[in-house]
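Since the structure comes first, as C-alpha cells, the remarks are kept for the end.
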Amino acid sequence: MSAARRAHPPLQNGAGGDDGDDERDEEEEDGDEELEDEAEEEEPRLKYQRLGGSVPAILSTDAAASIAVADRMVALGTHNGTLHILDFQGNQVKEIAAHTATINDISFDADGEYIGSCSDDGTVAISSLFTDEKLKFEYHRPMKAIALDPNYSRNYRRFATGGLAGQVLVLTKKTWGGYHKKVLRDGEGPIHSMKWRADLLAWANNAGVKVHDMKTDKGIAFIERPKGIPRPEFLLPHLVWQDDTVLVIGWGTSVKIAAIRTDLSQGLNGIQRTIAAVGSEKYVDIVGSFQTGYHISGIAPFGDLLVVLAYIPDEDENEKKISTSVTPRQGTAQCPEIHLVSWKNDEVTTDALPIHGYEHYKAKDYALAHAPFSGSSNAGGQWAAGDEPLYYIVSPKDIVVTKPRDAEDHIAWLLQHDCHEKALAAVEAGQGRTELLDEVGSRYLDHLIIERKYAEAAQRCPKLLRGSPSAWERWVFHFAHLRQLPVLVPYIPTENPQLSDTAYEALAELYVINSQHEKALSLYAELLKPEVFEFIEKYNLHDAIHDKVVNLMLLDSKRTVHLLIQHRDIIPPYEVVEQLLHSNKTGDKRYFLHLYLHALFEIDIHAGKDFHDMQVELYADYEPRMLLPFLRTSQHYRLDKAYEIFAQRELVREQVFVLGRMGNAKEALSTIINKLEDIEEAVEFVTDQHDDELWEELIRQCLQKPEMVGMLLEHTVGNLDPLYIVSLVPDGLEIPRLRDRLVKIVTDYRTETSLRNGCNDILKADCVNLLVKYYHEARRGVYMASMDEEVHGNRVDDGSSRASERSSSVRALDIKSRTRCGARCCLCFDPLPIQDISVIVFYCCHAYHLSCLEGGLDLMRSNSNQDSDNESDDEDGSPSGGSRMRCVLCTTAAA
C-alpha cells in the first residue's frame, strides 16, 4: 500500500530559531496548496519543528556534518571539527574543539557520560562530559566511523573505529597504561558506518555489513552489499539497532532487517532464517527486506514501523541505469521526504520537508538520528506519555526535530479541517488536556455562527461552554450583537455558573419588554436584586415565587418571611419548608426555616403543625428562650423526640416540662433538684402537681443533701409542716444555717398564722352580715302595679311604695320567675299578666298575684300563732306599717 505524497508539513521555529527563510517557506507552502486541494488530505502521523536555541547561531558560521542523541543530550558535529553538546531544545551546554576537519561520526556510551568522535583529519577523540578527561588518537587517514562500547566506563575504556584505511580497530585500555589495539577486519575497503549494541558490533564496508560478537570475539554474519547501488562514497550505508537483537540496514535503495538468533526458531513476521555463520552459536535471520524508489539518507525504528529519510533523485536519473558515480546537478535537487513504512514496505505516510537550501544538497548531506527508546513502548499506534521517540533530521544549515503526533495534535488537525464534532468527541473521550474543551467548543460555535446556524449553536452552548462564566458572558453578548439573543435565552444558566449582573440585566430587560415577567423575576431572584420585592408587587407575581424562596431569603429574610406569611394561601408552608431543607445554595437555610416557622406559629398556631417537631429543634438551636412558651402552647410535637433534643443540648427546664407532660413527675423533680438545684422551682412544680406522694419524693431527695434540707425548710412554709420535715431528718445530719432557718420558719409561721386567723375572723363576720342581709332581702316582696296604676303613679301602701323603688330589680327577677314558675302565679297558677291585677315578685324568684298573695297570707295568719308584732322595724331601718308581705312558699318551707 502506498500513501499519497504529502506537501510540506508546517514547521515551527524553536526558541531562538532562524526566521530568515520564512518568506521562502511561505512560497513553498503556497506552491503546494494545489496538491492539497486535488485529493483529500490524510491526517499526518508525525509533526515537525526546527531546532532552535543555539543551533541557528552555530549553523550561521558553520555547517552540520553529523549528529548523535543520548538520553539527556544531543551532540552536533560540524565541518570545522567542533563538537557542540546541546539540550533537547537546542541550547548549547558545552563546546569541545575536538578536531580540525569535518566530524564524520559521533558515539555516546550507554550512560551518556562519554562521547567519541572521528574526523577527516585522521583523529579520534574521546571526552568525558562531566570531567576534564580527554583522549585523542592519530591515524593519519580520514576516520569515518566510531562506536564506544556501551559499557565504556566499566569495560576498560573499549571502543571501535574505522575509516579509509579499511581496518576495523578495537582499542582497549591496558591496566598499566596505554591502549591495546586489535584489528578485527582488514582489506575489504573503507569502513563507512559502525554501530555497537550490547555485545554486538556491526559495521559496513564496500563489501557489505558484518556483525561480530564482541563477547566471544567471533563473527556472526556477513550481509552482502545490495547490488546496483552507487558507491558508498555517494550513498552511505546506515545502520541502526532497533533493540539488542534487531539490526536495521538502509543502503542505497535497499532496506533489510536482520534478527540475531541463538536457536532454530522461526524468524520474525513469519520469515524463515536465511543467513547463518557456520560454527557460530548465533546466526542472523533477514526478517524483512524491500526496495525503495528513493535513496536512503537515514533510517530509524518507529515501534513496529520504520522512519526513512528519503532523498528523491532527479527524474532523468531514474530513467537512466544507476551508475556507481551518480552526481546530481547543482541547484536542482528536490526536498527530502520522511516516509513511515512497515517492514513490508507498506507506506503509512509521507511528508516532504522544506529543509533550508535543499536544492543544493546531496543524499549524503543528510543524516537521521533518534533518541534511545524501547521499541515495546508503542502499542496500538499510540505512544505512552513521555515515551514518544524524537527524530533529528540534519542538513548542513538546518536541523528539524520530528516526533509522533499526540492526541492534541489529532484534535488540532480535526479542527483545522472543520471536523468539529469529531474533535469534540475526542476531547470528551479524554484525549488531550481538559483545557482543550474550551478551545474546541469556542471554535465549534464560531463555525456554527459563520454558517448562521444560530439555533444549533445556542443548543450546544451548555455542553460546549460548560461552567465557564467568562465564555458564557462572551457568547451572550455575541448573540445579543447578532440580535439572536432570544434563541440563546432558554439555555443561559442562572447558576453553576452564575454570570455577571450585566449579562443577566441585558437578558432581564428583554424579558420585561416581551412581557415575560416571570422569567425576568427568575433572573432578579438569582441576581439577588433588592428591587425584586417591588417587582413582585408591581406585577402581582406572588404565584411565581414558589421556587424562589431560598434566593429571596438570602436577599432579605425579614421581607421574605412577611411575604410568605401574607400569602401562605398561595405558597403553602410545606413548599417553603421543602425548598429550605433541600436547597444546595450557600447560606444558613435552617435559620431561615426557623424565622419562617416562628412567624407562622405566631400568626396561626395550627398552620405549621406538621413541622412542630422540627420547630422544637430549631428553637433549641436558634432561640431557646422561646421553647417553653412554644411547648406550653403547641400540642403537635412528640414528647419523646423533644426530650431527646433537650437532653442533647442540656436544656434542663425544658426537660422538666416535657417530663411533667409525659407524666414522669418524679424524674422531672429529680432533674430540678440534681441539675438545677433550685428548691423554689421544685416546690412550685410539686405544688402545681397536687400530688402528696410527690411531696414525699421531694422530701426524700432533699434529705440526701443537707443544704437542700435547709432550703426546703425555707420554701415549704404554708405547704408542709416544717416539724414534719424536721422529724424526718436523720440524727447527726448537719444542716447549714439550721438555727437561723428555724427561727425564720417559726417567725414566718407565727406571722402567717396570725394573718390567717385575722383573715378568717373578717371573712366570718362578712359572711354573717351578708347572709343576714340576703335573708331579709330575700324575704321582702316587690310590688308590681297594674298597667293603669303604673300610668297614674298610685301606690297601695308603704310596702307597695318600697316595691316601686326597686322596679328595675323586679324586672330582672321577673325573668327568673318565669324560669321557676313558668310566668304563672305560684298560688293560682294563672298567667301573671292579667288585666288590672298587680304582681308581687320576691328575691327568691317566686311571683304572685297581689290578691292571691294577700289571701294566702291571711290564711297563714289564721292557721299560725306566730306573733309578728315583735318585728317592729326592718333591718334596713324602714318603719313598720301594715302587714309585711312574705313569700308564701318560702315562709311555709321555713316553718
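Filter segment 476-490 for residues that are closer than 27 Å to Lys585 by Cα and either surrounded by 16 or more Cβ atoms within 10 Å (Cβ to Cβ) or in contact with a strand residue (DSSP E or B) (Cβ under 9 Å, 6 or more places away or on another chain) (or both) and give the result.
Within segment 476-490, Val476, Leu488, Val489 meet the criteria.
Among (1) surrounded by 15 or more Cβ atoms within 10 Å (Cβ to Cβ); (2) among the polar types (S, T, N, Q); (3) farther than 30 Å from Trp475 by Cα, which single condition is Ser522 missing?
Checking Ser522 against (1) surrounded by 15 or more Cβ atoms within 10 Å (Cβ to Cβ); (2) among the polar types (S, T, N, Q); (3) farther than 30 Å from Trp475 by Cα, the one that fails is (3).
Can you go through Glu388, Glu408 and tell me which one is under 17 Å from Glu439 (Cβ atoms) and not aliphatic (A, V, I, L, M)?
After ruling out the rest, the residue left standing is Glu408.
Before we move on, is Glu473 over 26 Å from Ala407 (Cβ atoms), in contact with a Ser or Thr (Cβ under 7 Å, 6 or more places away or on another chain) and open to solvent by less than 40 Å² (accessible area, probe 1.4 Å)?
Judged against the criteria, Glu473 is not a match.
State which residue is nearest to Thr349 (Cα to Cα) when the search covers only segment 405-421 and only residues that are open to solvent by 80 Å² or more (accessible area, probe 1.4 Å) and more than 28 Å from the chain's Cα centre (by Cα).
It comes out as Gln416.
Do you know which residues across segment 492-515 are of a type in the set (Ser, Thr, Tyr), assigned to a helix (DSSP H, G or I) and surrounded by fewer than 18 Cβ atoms within 10 Å (Cβ to Cβ)?
Once the filter is applied, which keeps residues that are of a type in the set (Ser, Thr, Tyr), assigned to a helix (DSSP H, G or I) and surrounded by fewer than 18 Cβ atoms within 10 Å (Cβ to Cβ), segment 492-515 yields only Thr502.
What's the total number of residues in segment 671-688 that are open to solvent by less than 30 Å² (accessible area, probe 1.4 Å) and not hydrophobic (A, V, I, L, M, F, W, C)?
Selection size over segment 671-688: 1.
Just one of Leu628, Leu659, Leu600 is surrounded by fewer than 21 Cβ atoms within 10 Å (Cβ to Cβ) and in contact with a helix residue (DSSP H, G or I) (Cβ under 8 Å, 6 or more places away or on another chain); which is it?
Leu628
Tell me which residues, restricted to segment 181-211, are modelled with pLDDT of 90 or more, part of a strand (DSSP E or B), touching a Lys or Arg at 6+ places or on another chain (Cβ under 7 Å) and of a type outside the set (Gly, Ala, Ser).
Ile191, His192, Trp203, Lys210
Mind checking which residues of segment 501-515 are modelled with pLDDT of 75 or more and among the polar types (S, T, N, Q)?
Thr502, Ser515
Could you look through segment 278-292, keep only residues that are more than 59 Å from the chain's Cα centre (by Cα) and among the small types (Gly, Ala, Ser), and pick out the one that is farthest from Asp199 (Cα to Cα)?
The residue in question is Gly279.
In segment 449-491, how many residues are outside any loop (DSSP other than H, G, I, E, B) and at positive phi?
0
Pairs only if they're at least six apart or on different chains, beta carbon under 8 angstrom, first in segment 288-306 and on the phi > 0 side of the Ramachandran plot and at pLDDT 95 or above, second of a type in the set (Asp, Glu) and open to solvent by 20 Å² or more (accessible area, probe 1.4 Å); list them, first residue then second.
none
Return yes or no: is His180 over 19 Å from Tyr283 (Cβ atoms), in contact (Cβ under 8 Å) with a residue 24 or more places away in the chain and open to solvent by 20 Å² or more (accessible area, probe 1.4 Å)?
Here the answer is no, as His180 does not meet what is asked.
Of the residues in segment 236-264, how many are under 59 Å from the mean Cα position of the chain (by Cα) and in a strand (DSSP E or B)?
16
If Asp640 passes every condition in (1) farther than 21 Å from Lys675 by Cα; (2) surrounded by fewer than 20 Cβ atoms within 10 Å (Cβ to Cβ) but one, which one does it miss?
That leaves (1) as the condition not met.
The values are calculated or read from the model by the stated rules, or taken from the named source; none is laboratory data. This is a predicted model, so every value here is computed, not measured. Counting neighbours? That spans all protein chains shown, and the Cβs are built from the backbone with ideal geometry, glycine included. In case anyone asks, the SASA skips ligands and DNA or RNA and just uses the protein heavy atoms, side chains included. Shrake-Rupley method; radii C 1.70, N 1.55, O 1.52, S 1.80 Å.
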